[in-house]
Amino acid sequence: MSSNPALLPLPPSPSPPLSVVASTLQAHMSSVHTIPPATQNQNEHRNLEISVAWEDSTGDEKRCWICFVEEREEDVSKKVRWVRPCKCKNSLKFAHEDCLLRWISEKQGPITTDVKCPACGHVYAIEESTDVVLAILTFVDKSIQSVVPYVTLAGVSMAFYVVSTTFGAYAVMTMCGPDEGERILSEANWGWRTWIGLPLIPIGLVCSRLTAADAALPLLPFLVLGNDQIRLSLPPSPALTVCLLPWARLLYNGVWATIWPWIERIGRHTPARNGAVRSGGAVGQAAVAGQQEDEEDVQEFSIGRRDGQRLVLGSLLLPAVSSLMGTLLGSIPWVRNKVPDPFHRNILGGCLFVVCKDVASAVYRAHRKRQRRTRRVREYRGD
Amino acid sequence: MSSIFTKRLTKELRDLQANPPMGITVQTAEDDLKCWRVTVRGAEGTLYEGETFVLQFKFNNNYPLESPEVVFVDNVPIHPHIYSNGHICLSILYDQWSPALTISSVCLSILSMLSSATKKERPPDNAMYILTAKKSPKSTTWAFHDDSV
């Protein structure tokens, strides 16, 4: 602390001068205009003068607390206006009006118009010319400014709602076929359940690819469709099918979760080529390396699966793909006889597609793993 | 505007060189006074006793209406309000800035902040902050919740 003994003749007393600096500083920061009591000893006073170097010693000399220019330094030919805008004293008493106005514009936000003195908290009283037109326009401007975010939010939500509803209607038409679709979406049947149900279709489809909504999905169709729509029948009506699908999904995911470790084990038993050629001593290491590869593999695949674009696109294309598969199934006469309703063929087609896709992805994964295990770095044959 | 800027910084530099507060030394004031480096020395009887740190001040033409950009450079002190990239969480450097504050008083505030530390540790969110922070601490939206410094 005593880096400048010549300037700061501090006694080598054990009382740390730091506390003095800190307290002075606090006084300076919170209320610079307050003069600390003169009862402090000489050294403390010395400190004080240094830390609050801009504190005016003469008191009467005007000095702008913003630009620090003193009145006597000023060019007399220039007419500058000095103001005393608040109750601050000493070095914070006076300011150039220009400087203060600049500070006020700096602090003035779009909504807050009051600016306080940073030291004493006095709200600066500002005089300005005003007229009715300006007042009205200001009011209009501020009103618009405050409403804009809400309107934007409402517009975006509305757009999202309209797009979701349209997609829902499209999904119904695609899955049920034109005749049944027209019936469901006819104006006579268009109630609040439709307004809520249709936009929920794309959301439900996306959620079906995530685990986050596992608890809500099985219950949602019951709530939206209502009791009068759901009748136990065979083959199940479209409404009942929609209610049963989430349960079928849970069951299906459960089956995969059960058989997955089993499939993994098959993959692991496949003899790895590079493991076989290694000498006996290295087998343990090879096993460890193999396990690490597995872990890396799992990571790589799980990231791939969480790819957002693929997830959203895949789930939203499901109705179209289901319908395509349903049409293909319908071209087989035997299926056409057994399942006469296009809706059921589409649902079956969709389920078939999901199963095929999952099997294909499992096979792909297993092969990738096997390939990874055969990977070797070729020796450099050059010089 | 720039004339106020130059006049004021010249005055501050002159005063700091004539009457430097304890533990505070101006190293350089370069680039038309726009970039300063000030050495601060940890106060006696505190955790930072004997250590020296360098504060870098960057002023834009709007100084003193706008606060300077103040960061620790090179050797960043380990302190609960100082991030390892040199950014300092101190309200007077951001929204509590006032043109009445000076380089000298800012240095003293930072020294006082150092002195009041009871434990040398980084802020709890340091790792997260330095990953997301922009180069200038003034781009950060600061939340000041410790009034004890």
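The values are calculated or read from the model by the stated rules, or taken from the named source; none is laboratory data. This one's a predicted model, so the numbers in the text were calculated from it and none came from an experiment. Note that we place each Cβ from the backbone using ideal geometry, even for glycine, and neighbour counts take in every protein chain shown.
Here are the numbers:
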quantity	calculated
Count of residues meeting criterion [within 11 Å of chain A (Cβ to nearest Cβ), within 14 Å of B:Pro64 (Cβ to Cβ), surrounded by fewer than 17 Cβ atoms within 10 Å (Cβ to Cβ) and among the aliphatic types (A, V, I, L, M)] in region B:1-48	1
Lone unmet requirement of (1) within 14 Å of chain A (Cβ to nearest Cβ); (2) aliphatic (A, V, I, L, M); (3) crowded, with 22+ Cβ neighbours inside 10 Å for B:Leu90	(3)
Residues located in region B:107-128, provided they are closer than 30 Å to B:Phe5 by Cβ and touching a residue at least 40 places away in the same chain (Cβ under 8 Å)	B:Cys107, B:Leu108, B:Ile110, B:Leu111, B:Leu114
Residue in region B:106-122 that is surrounded by 15 or more Cβ atoms within 10 Å (Cβ to Cβ), part of a helix (DSSP H, G or I) and modelled with pLDDT under 90 present	no
Residue in region B:71-85 that is without any contact (Cβ under 8 Å) to a residue 24 or more places away in the chain and small (Gly, Ala, Ser) present	no
Cβ pairs under 7 Å, 6+ apart, first in region A:255-273 and within 14 Å of A:Lys369 (Cα to Cα), second among the basic types (Lys, Arg) and modelled with pLDDT of 65 or more	A:Gly267/A:Lys369; A:Gly267/A:Arg370; A:Thr270/A:Arg370; A:Ala272/A:Arg373
Conditions (1) outside any loop (DSSP other than H, G, I, E, B); (2) more than 22 Å from B:Tyr48 (Cβ to Cβ): number failed by B:Asp95	(1)
When residues of region A:116-156 are limited to those that are within 14 Å of chain B (Cβ to nearest Cβ) and either more than 22 Å from A:Ser105 (Cβ to Cβ) or in contact (Cβ under 8 Å) with a residue 40 or more places away in the chain (or both), the one surrounded by the most Cβ atoms within 10 Å (Cβ to Cβ)	A:Ala119
Qualifying residue in region A:101-112 (condition: of a type in the set (S, T, N, Q), within 22 Å of B:Lys7 (Cβ to Cβ) and out of contact with any strand residue (DSSP E or B) (no Cβ under 7 Å at 6 or more places or on another chain))	yes
Of all residues in region B:49-62 being closer than 23 Å to B:Glu12 by Cβ and surrounded by fewer than 21 Cβ atoms within 10 Å (Cβ to Cβ), the one that is farthest from the other protein chains (Cβ to nearest Cβ)	B:Gln56
Every residue from region A:323-369 that is among the basic types (Lys, Arg), buried (at least 16 other Cβ atoms within 10 Å of the Cβ) and either in contact (Cβ under 8 Å) with a residue 60 or more places away in the chain or not in a helix (DSSP H, G or I) (or both)	A:Arg365, A:Lys369
Among (1) of a type in the set (A, V, I, L, M); (2) within 14 Å of chain A (Cβ to nearest Cβ); (3) in a loop (DSSP other than H, G, I, E, B) - the single one B:Val76 does not satisfy	(2)
Yes/no for A:Val172 being closer than 21 Å to A:Trp82 by Cα and touching a helix residue (DSSP H, G or I) at 6+ places or on another chain (Cβ under 6 Å)	no
